[in-house]
Amino acid sequence: MGSSEDEIDRQIDEGREQIDENLGVLEQRAPSNAARYAKITAVIVGVAVVAGAGVLVYRRMNRQTRTERLRSMVVEALRDLPESLRDLPDEVSRRLKRSLPSIKVVVNGEEFEEPGTLERIVRRVVPAVVGTASGAVIERFTRSSGPEDASSRSTVNAYD
């Protein structure tokens, strides 16, 4: 019976050694497989990000202008119109193509015409210039005329 116990112990030890070897192999494979799957995942995510950025850039570069969108909306609306409205006479279309007349306003017997481009620009710029100049003059007169102490002035060192 002693030999059979020794035989059983030996077989158990051999089985344990074989299991330990298999576990060692599996433990070595697991990190290499994880690294491989991490690389594959990183490549897939990178491709998806580049593709998404490409789609965004393409849409941004090939976006319709407002004029094109408005024109396509008008064309769609015209398609829905009945045939009688689509075929406008030439006279009506010529009237629509003419420019609008200029506006002439008469106040108290005096004629007043719409201001020209230069006059409109001057009317917008002059208040800003006057406001800036008056602010500078007021600041100059409200400033103290005595010598200022060094802590109230800001100094900037110049380096050559």
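Work out, step by step, the length gained on full extension between residue 25 and residue 106: first 0.36 nm times the residue separation, then minus their alpha carbon distance; give nm to one decimal.
Working: separation 81, 0.36 × 81 = 29.16 nm, distance 10.12 nm.
Roughly 19.0 nm would be gained on extension.
Multiply the residue gap between residue 133 and residue 42 by 0.36 nm, knock off their C-alpha separation, and tell me the result in nm, one decimal place. The partial results should precede the final answer.
Values: separation 91, 0.36 × 91 = 32.76 nm, distance 6.14 nm.
The residue 133-residue 42 span can extend by a further 26.6 nm.
Rule-based calculations on the coordinates, nothing more; no lab input. Computed from a predicted model, the values in this text were never measured in an experiment.
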